[in-house]
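Values in this text are rule-based calculations from the coordinates and carry no lab data. Remember, it's a predicted structure, so these values are computed and weren't measured experimentally. Ideal geometry is used to build each Cβ from the backbone, glycine not excepted, and the neighbour counts take in all protein chains shown.
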Amino acid sequence: MKREIIIRQEEPADIPAVYAMNSEAFGQDKEAKLVDALRKNDAVFVPGLSLVATADGAIVGHILFTKIKIVDQGGHEFESLALAPMAVSKAFQKHGIGRQLIGQGLIVAKELGFTSVIVLGHEYYYPRFGFLPSSKWHIYPPFQVPANVYMAIELVEGGLQHVTGTVQYPAEFAEV
């Protein structure tokens, strides 16, 4: 029998389970520590964009979107979101939970007024949600990665119009 998966906003009581699930899914605790650190940064953390997937009340997935800046050559800053990290418990992978987390996260981000999202991720997975190489908009990572794994999506038509530059991540990302 297929279990019902519920996607909802993370609650304070979920924090230990989210930490444990991220550690298990990644096989280390760097991403779990990143989530904890970003949660403490009021300048970038958006509570409505920390989502969990539950099965029978247990946390089996988590996704986090945090505020980032895209800075052009003139020093102008544009707000966007980073999708990172996303994790699904190993026992629940390959069942569409990641797809549900991303889909719901993009809907909530748009409802909250955000216009774009940036992701460093698998070149064949994220395009199914509409992500395209960020270089299309002349938006680049602050580090060297292949162009096809650094992607962006407009949540609203023209959400990246007139936005160019280099992404600036919150300092917490330097720990990963």
Using alpha-carbon coordinates, inclination of helix 97-111 to the longest axis of the chain, degrees: 50 degrees
Coarse-grained scattering of segment 5-171 at q = 0.11, 0.20 Å⁻¹, given as base-10 log I(q)/I(0) from a Debye sum over alpha-carbon atoms: -0.42, -1.38
Loop-located trypsin sites (Lys or Arg not before Pro) in segment 69-176 whose Cβ has at most 13 other Cβ within 10 Å (DSSP): Lys94
For the chain, built as a Gaussian network whose Cα springs stay under 10 Å, the top-fluctuating residue of Ala53, Ala37, Ala82: Ala37
Packing-based ranking, highest mean first, of 7-15, 100-108 given that Cβ atoms within 10 Å are counted: 100-108, 7-15
For segment 19-92 versus segment 124-170, the gap between their alpha-carbon centres in whole angstrom: 17 Å
For the chain, calculated [θ]222 nm from helices alone, where every DSSP H run of n ≥ 4 adds -39500 (n - 2.57): -6500 deg cm²/dmol
Ranked His95, His162, His138, criterion: other C-beta atoms within 10 Å, fewest first: His162, His138, His95
Net dipole in debye of the chain [+1 Lys, Arg Cβ; -1 Asp, Glu Cβ; about Cα centre; nearest 20]: 460 debye
Lys pairs under 24 Å by Cα in segment 64-176, provided they are eight or more residues apart or on distinct chains: 5
Size descriptor, Kirkwood hydrodynamic radius, that averages inverse alpha-carbon separations across segment 17-90, Å: 13.2 Å
Förster-model FRET efficiency, 22 Å R0, Asn41 and Glu111, C-beta, rounded to 0.05: 0.50
DSSP beta bridges in the chain [antiparallel fraction, %, rounded to 5]: 90 percent
Gyration tensor over alpha-carbon atoms, segment 85-143, equivalent ellipsoid semi-axes in Å: 22, 16, 10
